[in-house]
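First up is the structure itself, then whatever we jot down about it.
Every read-out reported here was derived from the displayed coordinates using simple, explicitly stated rules and does not represent laboratory data. Here the structure is a predicted model, which means the values were calculated and not measured. All Cβ positions, glycine included, derive from the backbone under ideal geometry; neighbour counts span all protein chains shown.
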Amino acid sequence: AIKKYLDPRRLPHRIGIVLNRAVVPMLERRPFAPAASEPTHPVVFMLGPPRCGSTLLVQTLVSNLDVSYLSNRHAAWYGAPWIVERFARPRTASAEVEHRSRHGVTAGPAGPSECGSWWRRFHHEDWWE
């Protein structure tokens, strides 16, 4: 079991986990982190069982409306998604999103993401998975 933690091929993955779970969240506590505020627009969560079209619906909404959403770029920086919002969010009214996915996983940095890593960061039992 310890061999999987010492595998050099997985080292970049492990470094990313440590950065996202330990280092990057510290930035949220810095003075320049955005202040929490009430949303000015309603918050909508898109939920659906597998193969029901929910991913296509989200892709269509994202590409046609000026909405905020969690993207694959947010999933990569799940330790502090506000960094993506602040510095890497596309400045156009709608994102360039392909209307394709494989089992709900979209391609490209602007593609919508369920951002499972962000949700799991609050559960510490899977720290190294």
**Request:** Enumerate the calculated ³J(HN,Hα) couplings along region 101-113 in order (Karplus 6.51 cos²θ - 1.76 cosθ + 1.60, θ = phi - 60°), each rounded to whole Hz, writing x wherever the residue is Gly or Pro.
**Result:** 7, 10, 6, x, 9, 9, 9, x, x, 8, x, x, 9
**Fill in**
For Ser71, the residues 5 or more places away or on another chain with a placed amide H closer than 5 Å to its own amide H are Ser113
**Message:** I need the phi-derived Karplus couplings for region 7-12: 6.51 cos²θ - 1.76 cosθ + 1.60, θ = phi - 60°, integer Hz, Gly and Pro marked x.
**Reply:** 5, x, 5, 9, 4, x
**Asked** Which ³J(HN,Hα) values, rounded to whole Hz and listed in residue order, are derived for region 59-74 from phi using the Karplus coefficients 6.51, -1.76 and 1.60 in 6.51 cos²θ - 1.76 cosθ + 1.60 with θ = phi - 60°, glycine and proline given as x?
**Response** 4, 5, 4, 5, 7, 10, 10, 8, 10, 8, 7, 7, 9, 5, 5, 5
**Message:** Starting from the 7 Å offset along Cα-to-Cβ, what nm value, one decimal, do you get for the label separation of Leu61 and Glu38?
**Reply:** 2.2
